[in-house]
Amino acid sequence: MDQPFTFTLPFPDLVPSRVDNHIQRRLSAMRGQFLDQKAYEEMVAAGDPLLYEVYEIHRPEVEGEMLMGISVVHPGKVGDEFYMTKGHFHTVLDTAEVYYVLKGEGCMVMETPEGDAHVEMLSPGKVLYVPPRWAHRSVCTGRQEDLVTFFIYPGNAGHDYGTIEQQGFRKLVVEKDGRVAVVDNPRWQPAQKEAA
């Protein structure tokens, strides 16, 4: 039988006192996601930098449970494009997610299967509600500081990374003239429909 539990997020590192799974995503896990493929290949060959980490607190992946953890996106760029997470839809498309920004600067890139797109700027203390049907990707726009967020979502939501790996997001977050800019992704392709 489950019991209530607590955990802490001690400053300055904000690594949870309870961690059941620690995921580390390197640049090589993001093949095809960055616009500047030449810069991507050079950076992978030169050391394959760590882009982000996720600290998960496990719960059963069933309706009624809540899954939670901490996401840490490190600062850096591939070409002009800021480091980011893989991004995903939820497998159960009609499930939402909440993010609370603990540290750093960045943004959340979001879009729906129907074509709506939105980018929300993130800073410490901001709470972001990602509605059902919205794919989402965290981007760290800080020059030296990690973007650290607490996230929580329904236990049965699941993750669909494949759609984003295939088509990318409609919007990219880049540095342009020394400033953060949101631009259209010239490589974005709608998901391929299977022949009926």
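The values are calculated or read from the model by the stated rules, or taken from the named source; none is laboratory data. On a predicted model such as this, the values are computed, not experimentally measured, just so you know. Note that we place each Cβ from the backbone using ideal geometry, even for glycine, and neighbour counts take in every protein chain shown.
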So for region 25-45 (the condition being at pLDDT 95 or above, surrounded by 13 or more Cβ atoms within 10 Å (Cβ to Cβ) and in contact with a His (Cβ under 7 Å, 6 or more places away or on another chain)), does at least one residue qualify?
no
Given the conditions (1) in a loop (DSSP other than H, G, I, E, B); (2) surrounded by 12 or more Cβ atoms within 10 Å (Cβ to Cβ); (3) at pLDDT below 95, every one holds for A196 apart from (2)
Taking region 4-24 and keeping residues surrounded by 11 or more Cβ atoms within 10 Å (Cβ to Cβ) and β-branched (V, I, T) leaves V15, V19, I23
G158 in contact with an Asp or Glu (Cβ under 8 Å, 6 or more places away or on another chain), of a type outside the set (K, R), under 15 Å from H88 (Cα atoms) and not in a strand (DSSP E or B) | yes
Residue pairs within 6 Å by beta carbon, gap of at least six or interchain, first lying in region 85-98 and more than 16 Å from Q166 (Cβ to Cβ), second polar (S, T, N, Q) and surrounded by fewer than 20 Cβ atoms within 10 Å (Cβ to Cβ), listed first then second, are V92/N156
When restricted to T149, T141, the only residue at pLDDT 95 or above, over 30 Å from E65 (Cα atoms) and hydroxyl-bearing (S, T, Y) is T141
Within region 118-147, the count of residues that are farther than 13 Å from V173 by Cα, acidic (D, E) and out of contact with any Gly (no Cβ under 8 Å at 6 or more places or on another chain) comes to 0
When every residue in region 1-50 that is in contact (Cβ under 8 Å) with a residue 40 or more places away in the chain and of a type in the set (F, W, Y) is compared, the one nearest to M68 (Cα to Cα) is F7
Per the list (1) among the aliphatic types (A, V, I, L, M); (2) over 21 Å from M68 (Cβ atoms); (3) touching a helix residue (DSSP H, G or I) at 6+ places or on another chain (Cβ under 7 Å), residue check on A135 breaks on (2)
Within region 78-102, residues more than 15 Å from the chain's Cα centre (by Cα), closer than 30 Å to A39 by Cα and of a type outside the set (A, V, I, L, M) come out as G79, D80
**V72 being closer than 19 Å to T149 by Cβ, surrounded by 13 or more Cβ atoms within 10 Å (Cβ to Cβ) and either hydrophobic (A, V, I, L, M, F, W, C) or modelled with pLDDT of 95 or more (or both)** = yes
